[in-house]
Amino acid sequence: MLTHANLASNAQALVETWRFTGDDVLIHALPIFHTHGLFVAINVTLAAGASMIFLPKFDPERILSLMGRASVLMGVPTFYVRLLKSSELTPEAAAGMRLFISGSAPLLAETHREWRARTGHAILERYGMTETGMNTSNPYEGERLAGTVGFPLPGVELRVVAPESGEVLGTGEIGMIEVRGPNVFKGYWRLPEKTAAEFHDGWFVTGDLGLIGPDGYVQIVGRGKDLVISGGYNVYPKEVETEIDALPGIIESAVIGLPHPDFGEGVTAIVVARPDAALDEQAVLEALEGRLARYKSPKRVIFLDDLPRNTMGKVQKNLLREQYRGLYGG
Ligand code: MCA
């Protein structure tokens, strides 16, 4: 449940932090059924009295051709990875732009570096969630540090706590990121128990693991929740596993995210099939067609005799991620 006050406060904080004015022209190529495209891109533009060029879909050539009459681009890391593939991305092409913003998924330091070399611009990475809108941003002035998400926005507080004890941790210590502020939602619709479980002394427990560096920059180092982020979309493994497990001939499955050069993480299914089942990768992918949104569908399916488990019987996804980390190259 996001209130008008949640959305308005966040839009104002971003207008201020990113120095939006009525002169700005945003290139908008994001879907508008998510926080990024709807609340960050559109609300910030409206709150600043700025303009936007609203595109029906992400198209790198189109974006490159529009840079001459725009000032800001907001994208997921996949946008920047794909734009970098175009030979038309030059300092001249980007000369009229004042700001490139990235979010929804981790931006590789390598993408940040390449973008700077190719355009002269340092991509500004920020961090948010549907439940909170944006929480932190790299600075407009001052160093935009690759691999960090910058500082809490005006009015937003952020702390790192030990997941077990709830004790607030010091500089450089890794723990659970919690946030508090006018941006934080009122709770999950009709889920009072889930809502209560995700707040800790009035702070929202993000599920992201991170630290605050000595210079105050926040760094996200991992996820407490079992989640894959593919091209900026959240994919919940359980949903994909449930569909796979329901297929004839499948005993069980584990869905993981592996490093993917285009989507950041590629949804990957590790499956255990009955010995008599005549199943291969193609058969599993075909059987899933129409049952899952395209972005949730596994890019690859790997067959194993057993899933690795710890002594408690829990599937050790970390071992699977380690073993197959080179699957998509890179
Ligand atoms: C498309 N495909 C994908 C994805 N998108 N597969 C995995 N992950 C994806 N994200 C599939 C297509 O269905 C197709 O499958 C194949 O990959 C190639 O499609 P392609 O034409 O390359 O894809 P596209 O249409 O160009 O889309 C890529 C995209 C898009 C532009 C990066 O995924 C996108 O707009 N992502 C942005 C998501 C976003 O806005 N997230 C914000 C939510 P096949 O060939 O089998 O048909 S998160 C948020 O709001 C938080 C709060 C925040 O902080 O921002």
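Points to keep in mind about this one:
- Carbon/sulfur fraction of accessible area - region 175-330, other protein chains in place, 1.4 Å, %: 53
- Principal-axis tilt of helix 4-17 within the chain, Cα atoms, nearest 10 degrees: 60
- Relative intensity, log₁₀ I(q)/I(0), of region 238-316 from a Debye sum that treats every alpha carbon as a point, q = 0.17, 0.20, 0.25 Å⁻¹: -0.65, -0.88, -1.26
- Compactness of region 1-82 was expressed as the Cα radius of gyration divided by 2.2 N^0.38 Å, which yields 1.08.
- Based on Cα atoms of region 182-330, Rg over Rh with Rh as the Kirkwood radius reads 1.02.
- Charge tally around Leu209: other residues with Cβ under 14 Å, Lys/Arg +1 each, Asp/Glu -1 each, net -2.
- For the chain, the Kirkwood hydrodynamic radius from C-alpha pairs, put into Stokes-Einstein at 20 °C and a viscosity of 1.002 mPa s, yields a diffusion coefficient of 101 µm² per second.
- Protection proxy ranking of 189-195, 79-85, 131-137, by the mean of other Cβ atoms within 10 Å over each peptide's residues and highest first, is 131-137, 79-85, 189-195.
- Each other residue within a Cβ distance under 15 Å of Leu26 adds +1 if Lys or Arg and -1 if Asp or Glu, for a net charge of +3.
- Count Lys and Arg as plus one, Asp and Glu as minus one, and take only other residues whose Cβ is under 11 Å from that of Gly257; the net charge is then +3.
- Efficiency of FRET from Cβ geometry, Glu289 and Arg223, R₀ 35 Å, rounded to 0.05: 0.80
- Separation of the Arg190 and Ala246 label points, Cα + 7 Å toward Cβ, nm: 2.0
- Rounded to the nearest 500, the helix-only mean residue ellipticity at 222 nm of the chain stands at -6000 deg cm²/dmol, with each DSSP H run of n ≥ 4 adding -39,500 (n - 2.57).
- Expressed as a whole percent, the accessible area of region 13-114 that falls on carbon and sulfur atoms is 58 (1.4 Å probe).
- For the chain, accessible area per residue (1.4 Å probe, heavy atoms of protein chains only), Å²: 48
- Kirkwood radius for region 75-201, taken over all pairs of different Cα atoms as the inverse mean of 1/r, rounds to 16.6 Å.
- Note on Glu92 and Leu38: the extension gain reaches 16.5 nm, defined as 0.36 nm multiplied by sequence separation minus the Cα-Cα distance.
- Trypsin sites (Lys or Arg not before Pro) within region 239-327, DSSP loop, no more than 11 other Cβ atoms inside 10 Å: Lys314
- With Cα atoms, 0 to 90° folded angle of helix 109-119 axis to the chain main axis: 40
- Gyration tensor over alpha-carbon atoms, region 288-330, equivalent ellipsoid semi-axes in Å: 23, 16, 9
The values are calculated or read from the model by the stated rules, or taken from the named source; none is laboratory data. Fair warning: this is a prediction, and the values are worked out from it, not measured in the lab. All Cβ positions, glycine included, derive from the backbone under ideal geometry; neighbour counts span all protein chains shown. To get the accessible areas, we keep the full protein, side chains included, count just its heavy atoms, and leave off ligands, DNA and RNA. Shrake-Rupley method; radii C 1.70, N 1.55, O 1.52, S 1.80 Å.
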